[in-house]
Amino acid sequence: MSMFKIFNVSGSAVSAQTQRLNIVASNLANADSVAGPDRQPYKARQVVFSTTPMGDMGTAGVSVSQITEDNSPGRRLHDPKHPQADAEGYVTYSNVNTVEEMVNMISASRSYQNNVEVMNTAKTLLMKTLQMGQGG
Amino acid sequence: MLNRLTESLNFQATALSLRSERQRLIASNIANGDTPGYTARDFNFSDALRQATGQGSAGQSALAPSTVRMATAHAGHLGLNGRPAGSANQAELNYASNAQTNLDNNTVDMDRERASFADNTVRYEATLRFINGSVRTLNSAITGQ
């Protein structure tokens, strides 16, 4: 019964999108973090999706193949009174772009909804298939 | 005798299993809507059904695109869609091209896939109803009421 595979495929997509949402949440939470004592501010992270074959005939799920860090320099603000200011009086914030992260979040949540709907439809069809021939 | 009774169901059963194959394929496309470099795939349902039930349409010439196959001289050769050459009786998979250009080379058009998914769902249910109707007809013939 090939339709049971839909739950594996959509399930893998849902879990990949959850991981993406997780990363977005951690980026947004650290949007205003400043560099610690080691002078290394938080770096924005992104997930990289890749296709995983699941059985025959083009059945393909999704997995997170790696998580990349954005190495662009963080925002620097002149604030000599800040406890984390460096010798020149600059405070380094994380390099998270809040607008980008919000867009990423909306996209991830839409994809999540799409896949949940696919699973619901597949479940309805399978339930109807189970009742085949019962005069329904 | 018994297989004469259920013969009429075979066609719909083949159609149903092809519909579920297609449903799975479209689910894969929707799942990979955000994967860079993924190419959406689908198959021509009527061609696949004709191939699976062994019915060639009369008007089809030998040179029609759906009947052109790559020649394979060895069991290890791959067919057009990457399957081993020997594995017949499966639908020929096609690749979708970009509806809009994008930078990550993903060819999943979510609107198209959602529409195909809904369409395939309705047709799957229709096939189920055809089967249920045949079963009901057989039942009423058997019980004689």
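The values are calculated or read from the model by the stated rules, or taken from the named source; none is laboratory data. All figures in this text were calculated on a predicted structure; none of them were measured in a lab. In this analysis, Cβ positions are derived from the backbone assuming ideal geometry, glycine residues included, and neighbour counts consider all displayed protein chains. The protein model used for the area step is the full one, side chains on, heavy atoms only, and it has no ligands, DNA or RNA in it. Shrake-Rupley method; radii C 1.70, N 1.55, O 1.52, S 1.80 Å.
The table below lists the values:
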| read-out | value |
| --- | --- |
| Computed helical MRE - 222 nm, chain A, DSSP H runs ≥ 4 contributing -39500 (n - 2.57), nearest 500 | -15500 deg cm²/dmol |
| Using a Förster distance of 45 Å, the FRET efficiency for B:R123-A:T98 (Cβ separation, nearest 0.05) | 0.50 |
| Whole-angstrom gap from the range A:58-89 to the range B:115-133, using each part's C-alpha centre | 49 Å |
| Amide N proximity, the range A:9-23 versus A:N120 label position 7 Å along Cα-to-Cβ, cut-off under 20 Å | A:9-18 |
| Cα convex hull of the protein assembly as shown - mean projected area over all directions, nm² | 22.0 nm² |
| Spin-label model distance (nm) - B:Q55 vs A:R76, 7 Å beyond Cα toward Cβ | 7.5 nm |
| Magnitude of the charge dipole, the protein assembly as shown, Cβ model with Lys/Arg +1 and Asp/Glu -1, debye to 20 | 1020 debye |
| Spherically averaged projected area of chain A from its Cα convex hull (nm²) | 11.0 nm² |
| B:T137 accessible area, 1.4 Å probe, all protein chains in place, Å² to nearest 10 | 90 Å² |
| Residues B:S140 and A:S50, FRET efficiency given R0 of 51 Å [Cβ-Cβ distance, rounded to 0.05] | 0.40 |
